[in-house]
Ligand code: G3P
């Protein structure tokens, strides 16, 4: 089973660079990444991303918190390009399940990336409101679960098993905290993993033996001690 790498990013220069990489099969963003990248106008900034990346899936998120506004945003975002996945949170900021909107958008054949998912129970609820044709990515927030001292792996095992009957559904590991998470996601059978640019560069270098690593490690310590002119 191949786990696709999507680059989690919003900086335009990096998107330009990473779009050229074969290992990168798509892009995801979120409002926090956009803000960090200095985006001022959400629409024009998103369109700049889409101008750079025309042939790989790009997930762009709604940021409204109420049904009507969220639906308007989702419908608009969907018209921006063919390769867009509209990213919709599984719940709004009040914790209300966004099932109605997920169902309606999925009914209209809009490709979705359901975000901020943490549990297999949420995966189950999502699967109940979608069809078996239109593409849906379910982003399980492994990184933030781990940050909070929670093990996301059992949630992946259950979610992947639940989604097996849905050929249109992909389970996404969001997002790595260390390069090794890529191998974990592969072993679990995740369809996609989101990875920031610096970690993609580390994954590209996978393959060193333990012997190579041990020598490299000692070399680095030696270089630094020389640079600092340490003496005892
Ligand atoms: O694509 C998911 C990602 O945006 C969340 O990652 O690293 O902010 O938890 P992170």
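I need a count of the residues in region 77-108 that are closer than 16 Å to residue 43 by Cβ and in contact (Cβ under 8 Å) with a residue 12 or more places away in the chain. Even if it seems obvious, please write down each step before you answer.
Taking region 77-108 as the starting set, the residues that turn out to be closer than 16 Å to residue 43 by Cβ are 77-81, 84, 86-87.
Remaining after also requiring in contact (Cβ under 8 Å) with a residue 12 or more places away in the chain: 77-78, 80-81, 84, 86-87.
The number of residues fulfilling the criteria is 7.
Is there a residue being under 21 Å from residue 57 (Cα atoms), away from the ligand (no atom under 16 Å from the Cβ) and modelled with pLDDT of 95 or more anywhere in region 195-203? For region 195-203, residues under 21 Å from residue 57 (Cα atoms), away from the ligand (no atom under 16 Å from the Cβ) and modelled with pLDDT of 95 or more: present. In region 151-168, the qualifying residues are those that are in a loop (DSSP other than H, G, I, E, B) and within 16 Å of the ligand (Cβ to nearest atom), and the one that is farthest from the chain's Cα centre (by Cα) is 151.
State whether one or more residues within region 169-176 are surrounded by 15 or more Cβ atoms within 10 Å (Cβ to Cβ) and assigned to a helix (DSSP H, G or I). Within region 169-176, none of the residues are surrounded by 15 or more Cβ atoms within 10 Å (Cβ to Cβ) and assigned to a helix (DSSP H, G or I). Scanning region 154-168 for residues that are over 10 Å from residue 120 (Cβ atoms), in contact with a helix residue (DSSP H, G or I) (Cβ under 9 Å, 6 or more places away or on another chain) and loosely packed, with under 13 Cβ neighbours inside 10 Å turns up just one, 165.
The values are calculated or read from the model by the stated rules, or taken from the named source; none is laboratory data. Keep in mind that what you see is a predicted model, and the values were worked out from it rather than measured. Heads up, the Cβs are rebuilt from the backbone with ideal geometry, glycines too, and the neighbour counts pull from every protein chain shown.
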